[in-house]
Structure formats: C-alpha cells, structure tokens
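The values are calculated or read from the model by the stated rules, or taken from the named source; none is laboratory data. It should be emphasised that the depicted structure is a prediction, and the values quoted were computed from it without experimental measurement. Because the Cβ atoms are built from the backbone with ideal geometry, glycine has one as well, and the counts that use them run over all protein chains shown. We work out accessible area using only protein heavy atoms, side chains counted, and drop any ligands, DNA or RNA first. Shrake-Rupley method; radii C 1.70, N 1.55, O 1.52, S 1.80 Å.
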Amino acid sequence: MAARVELKPDWARIVFSEAIDGITSADFHYFWLRHNCPCLTGCRHQTTHERLIDASVIPLNIQPLRVEASSVTDSDEPAVTVFWAPIATKNSTGELELPNEKEHTSVFSVDWLRNNAYATNREKTHDLPPHDASLVTIDYQELSDKYGDTAN
C-alpha cells in the first residue's frame, strides 16, 4: 500500500492509497516523527530497539529537509522517508555531541504510520493565531474590582 505526503508548516499529512479500518489519512507533527525515528544509528538501541534519542534535544520547531513517499523499506514495504538536519544527541556520558552525518534519515513503513496514527481523517485544519505570551496583558486592578481582592 503506497501513500502520498502533503507537507504543512508544522506537520505532514500521509494520504494512504487504500482505506483500511476507515483510515484514509493521518497527520503527524514533525517533532513526533523525529522523536519516533526507527533508525538504529543513534535513535534506537541496536538490540532492544529502545528509544535512545532524548526529546529535549529535538527542537520543537523542527522541519524536515525533504520527504519522499515512494521509498521502500529493507523488507520491500512502501515507506515514507524523512530527511532531517543533524541534531546533537547525548553520548554515553550525557554530553551533547553532533553526529558525523550531513543529514539524518528516518524511514517509516506506511503500515507502521497507519498503526501509530493519532490524528486520522481530519477534514479541516485551523490556522492558529500567533501565540506570543508577551501579547497577553492582565490588569490586576480590573480583576480586583470585578472579583474582589482575594489575597487579603
């Protein structure tokens, strides 16, 4: 089962070529995809496949360099391949070090993406307004006048 990818500012929509269990598409945030990278070259343990990458080293606003939906996994399954800029990871002593790679590659099988989808079949998405906390103002006197001064 193949898929196509629609890139959005903060996430990617995977549109599956076949609807299984009613799932025709799924949206994945870039941060989530990077954090769930299945590679065994720094993101997962070679033997146990336990996640090694620390979420705190992944930028919240991470963006892929490019995405290819026509790729295939080692077992000839259709896949989505995401190419990322390298990010520093913690070594065995807990120190951050930049890996020796020009780009990091995450290969997700289409079946894995479908089975781990958390935002399926969304019809509409909403553009959120700017979320700058410095734009928020609170007038203490106005609140105190309206609700009374509960501090005393």
May I ask you to list the residues in segment 14-34 that are on the phi < 0 side of the Ramachandran plot, in contact (Cβ under 8 Å) with a residue 24 or more places away in the chain and either assigned to a strand (DSSP E or B) or exposed (fewer than 15 other Cβ atoms within 10 Å of the Cβ) (or both)? I14, F16, I20, I23, T24, S25, A26, D27, F28
Could you tell me how many of the residues in segment 43-83 are closer than 20 Å to L96 by Cα, crowded, with 17+ Cβ neighbours inside 10 Å and in contact with a Ser or Thr (Cβ under 7 Å, 6 or more places away or on another chain)? 1
Of the residues that sit in segment 84-109 and are hydroxyl-bearing (S, T, Y) and surrounded by 15 or more Cβ atoms within 10 Å (Cβ to Cβ), which one is nearest to A3 (Cα to Cα)? S109
Extreme residue, nearest to H104 (Cα to Cα), among residues of segment 35-67 that are in contact (Cβ under 8 Å) with a residue 60 or more places away in the chain and under 10 Å from the mean Cα position of the chain (by Cα): C37
Quick test for you: out of S75, S70, pick the one residue that is assigned to a loop (DSSP other than H, G, I, E, B), over 14 Å from the mean Cα position of the chain (by Cα) and touching a residue at least 60 places away in the same chain (Cβ under 8 Å). S70
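I need the full set of residues from segment 4-13 which are open to solvent by 20 Å² or more (accessible area, probe 1.4 Å) and in contact (Cβ under 8 Å) with a residue 12 or more places away in the chain, in order please. Let's see the steps before the verdict.
Step one: list which residues in segment 4-13 are open to solvent by 20 Å² or more (accessible area, probe 1.4 Å), which gives 4-11, 13.
Of everything in segment 4-13, those that are open to solvent by 20 Å² or more (accessible area, probe 1.4 Å) and in contact (Cβ under 8 Å) with a residue 12 or more places away in the chain turn out to be R4, V5, L7, K8, D10, W11, R13.
Does segment 1-13 hold any residues that are in contact with a His (Cβ under 9 Å, 6 or more places away or on another chain) and either at pLDDT below 90 or assigned to a strand (DSSP E or B) (or both), and which are they?
Answer for segment 1-13, where residues must be in contact with a His (Cβ under 9 Å, 6 or more places away or on another chain) and either at pLDDT below 90 or assigned to a strand (DSSP E or B) (or both): W11, A12.
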